[in-house]
Structures are given as C-alpha cells and as structure tokens.
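Enquirer: Dumping the structure here so I can ask a few things about it.
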Amino acid sequence: LQMMKHAWDNYKRYAWGLNELKPISKQGHSSNLFGNIQGATIVDALDTLYIMEMKEEFKEAKEWVEKNLDFNVNAEISVFEVNIRFVGGLLSAYYLSGEEVFRRKAVELGEKLLPAFNTPTGIPWALLNIKSGIGRNWPWASGGSSILAEFGTLHLEFVHLSHLSGNPVFAEKVMNIRKVLNRLDKPEGLYPNYLNPSSGQWGQHHVSIGGLGDSFYEYLLKAWLMSDKTDEEGKNMYYDAVQAIETHLIRKSSGGLTYIAEWKGGLLEHKMGHLTCFAGGMFALGADGAPPDKTGHHIELGAEIARTCHESYDRTSMKLGPEAFRFDGGVEAIATRQNEKYYILRPEVIETYMYMWRLTHDPKYRQWGWEAVEALEKHCRVDGGYSGIRDVYISHESHDDVQQSFFLSETLKYLYLLFSEDDLLPFEHWVFNTEAHPLPVLHKDDGNKGDNQK
Ligand code: DMJ
C-alpha cells in the first residue's frame, strides 16, 4: 500500500493525465503504443486503488476518466495494448465499483477497436488508427503477420463487452479468431507466433511462451474459467497446447532447473524470458481442469517454473530478475547478453508467486515475494516514484527513468494479493486479464451484470 501511494502520488505530482511517469526526470512519459490516448497509468491503476481501498485516489481517478478520457483522437494505437490496459482497466473498474461511466467508456473504446478486424480472415491488425479505422501490422513482423499474443489476447475483454453492451459483435469477432486457428495445421501441435491476416497462413515458425506468444495460451485457459467452465473449445485448445509445450519446449537443466525454451523451426533456443515466468501461475491455475491423473503434475510444473524464476532473481546482485536468462554456454538462469540484463518493473515472477501461494499455501512464495519487495525498495524506489534498472548484475543502479503503468496495475496488485486473504477476489468468481485486471466469471445461473461480488 505504501508502495502504491508512492507510485501514485508521484505520478499525480509530475505526470497527471499523461500516460506514464519518468520518476528520475520527474515528468510525463508517452509511449507510442497508446497513440494520443492519454492517462494509461490512471486507467491501469483504477482497480488497484479500489482494491487497496484508496478511496480519495480512486475518486480523483474516476473524475479524470469522466472529464478527460477521450478516444476521439487521430492516433494509431496498438490494439492489444489498448485492449488489455484500457478496455480491461475500465471493465474491472466497472465491475468492482458499479460506476456506469466505466462501462460506457469501455464499450465506446471497444467500438473504436472493431475496424481492426476488417481483414480478409478477420484476424485483426496489430495497429489501428482509431480515427480513420485504417489498420496495418508491425513492419518487423514476419511477412506482414499479426502476432499470436496480440490477436489471441482479446477474448476475455471482448466477451465482457458483448455481455455488457448486449451487442454480440465483440464476441463474434474473437470466436472467429479461434475458428481460423482451428482450421490451420499446427507444426507439432504448436502455435507459431506469426499469422498473416490476409492469407490466413503462418509466418515464421517461431514458438514462444514468452513475448509474442504468452498471453494467447493464458487466454485459452482463462476463457474456459471465465465461462464457468462451459467453453469446452477453449479448454481443449489449452490442454492440447500445454501437451505440445511439454513435449517440445520444456526442458530440465543439468543443475535440475525446469525451463521453457523457445522453438525456432524445430530448433531450441535455451533461453527463457521474464515474460515466460507467468506460465508457472498459469500451469498451476489450470491444474484443476487437467485430467485427474495430471492435476498434481500441473501444480508441480508451476512450482518448478516458480523455482527457476526465483533462481533468475537470486543469481543477480540486485535480487531482481533479468529480461531473459539462458541455459547454455555453461550458465543456468543467468543473462549473458548485455541487452537482456535489464528489469523494467515487470510482474510475471510475482504473479506466479501469487498463484502458487493461493493454490498451495507454501510459505516460501510469500518469502520470495518479500525478497522482491525489499529489492524493489532498495533499487527501484527513487524520490520521484519507481524506476526500471538497466543492469541487475551490477551493484550500483542505472535507472531507466520509466515507471511502467503495469507496475501499478500488476506488480503492486499481485504483491498485495500475495499478502492478502484468499477471499479477496477469490478465483471461483474472478479471472485476471493479462494486465491483472479482474473480470467476473460469467456464472451459468445468473446474468451478473455489474455484480459486486468482491
Ligand atoms: C503487461 O502489459 C502484460 O502483462 C502483458 O501480458 C505482458 N507485458 C506486460 C508486463 O510485463
């Protein structure tokens, strides 16, 4: 809570209304991911403020949204980023507080995103100008492809947009994405990170459970959980994918650490990203739906990934994990390339501790979470907020001068939940989107519009 207050107060003091805070230079930071849409930190932080009962701050944030959050801008945005942070943030704020303004803004923004699906296959563009409705893909993406983790991470929010607006179009768009995927041959049962929205064919056969792939898998599982376990298609796609991941990507180092490698056209790159560490929590969360003889195995897999990711933190001088770490050339769970040694306040390792804690109550997860709190306080906290670090293997900090909005929405929320009772946002009723925004399970027997079932 004190950490949230420090992060929020400084954002408010130096960057109010802008997307993010530069905590060293004490001014606003604008990432082009959100185009001219402003206030990313405010929208991302709304539910964290609410959950932490920071009432004054929540009220200020709500007033800002009412008066200033404007989507009528001529701007090219990332469909994925805007969906997970803005649509997700607004939906959670609505479900938690019941305030109509959040529902209205979420649906308005969802409508702005719809032209992204105007492609021959209905697989959306990565980038969209929300004024003109013209979309395109990242110029670096293999052969003009859309990205699996981007178009595969719209499902939860779009199902809720249909639920709240009464307009089926949102859910139809994301169900069609599944249809396209199901028609395609999958190499070794794996999903490549790149898919061309015009031809409907895969791009390069690169497979990752970290960047470019990650939350696609997460959303298959969570779509099933959010549907009160009725979405059999999501369930089957998830467990089939995990099976292929286990066979082809998961390996054990000679030192006994389980890791998830990357797959490039059949060859393994023995590298795991910080982003990949979320998978520990995902495997454990999915244990319940696995075939009965596999339940324990999925929990165990989650525990092993948590341990590996903890090692990646423990083997640095700052006790904060690098962006990517390797299992080759004689190292284990250590970054060897200079450009992989940074830590940008990411949540995935703490997220996995939180899931493992809730699902096993093994006290080591709280202990590991506390180690992370101490490291954040020591190395990332500065006068003007919290900053990322350029190299976690040296003892003096070189700050990157960005307080990412996901630090408030995810890292601090997962820490708070790790040290709270299980009945705060219980898993039977809530599913977290990939930006840690809680969305209610749509129970079979009620309409639960705007239910406050906290
Ligand atoms: C967040 O925006 C989300 O967690 C996303 O799924 C991955 N990247 C960041 C946090 O690291």
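Where a number appears in this text, it was derived from the coordinates with a stated rule and is not lab data. The structure displayed is predicted, hence computed values, not measured ones. Neighbour counts are summed over all protein chains in view; Cβ atoms, including those assigned to glycine, are modelled from backbone coordinates with ideal geometry.
Enquirer: Show me the chymotrypsin sites (Phe, Trp or Tyr not before Pro) within the range 370-439 that DSSP assigns to loop and that have at most 16 other Cβ atoms within 10 Å of their Cβ.
Expert: Y393, F419, F427
Enquirer: Compute, for the range 310-454, the length of the dipole vector about the Cα centre, with Cβ point charges of +1 (Lys, Arg) and -1 (Asp, Glu) only. Units Debye, rounded to 20. Before the final figure, lay out each step's value.
Expert: Details: 16 positive and 26 negative charges, 32 e Å.
Taking the Cα centre of the range 310-454 as origin, the dipole is about 160 debye.
Enquirer: On the Cα set of the chain, report Rg and Dmax in Å, please.
Expert: Cα radius of gyration and Dmax of the chain are 20.5, 57 Å respectively.
Enquirer: May I pose another question? For the range 354-392 and the range 70-91, compute the distance between their C-alpha centroids and round to whole Å.
Expert: 28
Enquirer: Please state the shape class of the range 124-252: rounded when a/c is under 1.5, otherwise prolate if a/b exceeds b/c and oblate if not, all from the C-alpha gyration tensor.
Expert: oblate
Enquirer: How large is the helix-only mean residue ellipticity at 222 nm for the chain, computed as the sum of -39500 (n - 2.57) over DSSP H runs with n ≥ 4, divided by its residue count, in deg cm²/dmol to the nearest 500?
Expert: That calculation yields -12500 deg cm²/dmol at 222 nm.
Enquirer: If you don't mind, another one. Put +1 on the Cβ of each Lys and Arg and -1 on the Cβ of each Asp and Glu in the chain; which of S30, T258, I84 then has its Cα farthest toward the positive end of the dipole?
Expert: Of the options given, the answer is S30.
Enquirer: Now for a different question. Add +1 for every Lys or Arg and -1 for every Asp or Glu among the other residues with Cβ under 11 Å from the Cβ of S398, and state the total. Mind showing how you got there, number by number?
Expert: On the way: positive: K341, R390; negative: D391, E397, D400, D401.
In short, -2.
Enquirer: Counting alpha carbon pairs within less than 8 Å and at least 6 residues apart, what relative contact order, in whole percent, applies to the chain?
Expert: In percent, rounded to a whole number, it is 17.
Enquirer: Could you tell me which residue out of L127, G296, A149 lies farthest along the dipole of the range 1-440 toward its positive end? Charges go on the beta carbon: Lys and Arg +1, Asp and Glu -1, centred on the Cα centre.
Expert: L127
Enquirer: Something else now. Output needed: Cys residues of the chain lacking any neighbouring Cys C-beta below 4.7 Å, sorted by number.
Expert: Flagged as lacking a Cys partner: C380.
Enquirer: Output wanted: per-residue J couplings in Hz (rounded whole) for the range 60-68, from phi through Karplus 6.51 cos²θ - 1.76 cosθ + 1.60, θ = phi - 60°, x for Gly and Pro.
Expert: Each residue's phi maps through the Karplus curve to give 4, 5, 5, 4, 5, 4, 4, 8, 10 Hz.
Enquirer: Let me ask something additional. So what's the net charge close to F325: Lys and Arg +1, Asp and Glu -1, counting the other residues with Cβ under 9 Å from its Cβ?
Expert: Surrounding charge for F325 is -1.
Enquirer: Tell me, what HN-Hα J-couplings in whole Hz come from the Karplus equation 6.51 cos²θ - 1.76 cosθ + 1.60 at θ = phi - 60° for each residue of the range 17-34, using x for Gly and Pro?
Expert: After applying 6.51 cos²θ - 1.76 cosθ + 1.60, I find x, 8, 6, 9, 9, 9, x, 8, 7, 6, 8, x, 10, 10, 9, 6, 4, 9 Hz.
Enquirer: Just tell me which lysines come within less than 18 Å, Cα to Cα, of K413; anything on the same chain fewer than 8 places away is out.
Expert: K413 reaches K5, K55, K454.
Enquirer: What is the dipole size for the range 1-440, taken about its Cα centre, with +1 at each Lys and Arg Cβ and -1 at each Asp and Glu Cβ, in debye to the nearest 20?
Expert: The dipole magnitude comes to about 780 debye.
Enquirer: Please name which of L415, H379, M354 has its Cα lying farthest along the dipole of the chain towards the positive end, using unit charges on Cβ (Lys, Arg +1; Asp, Glu -1) and the Cα centre as origin.
Expert: Value computed over the given set: H379.
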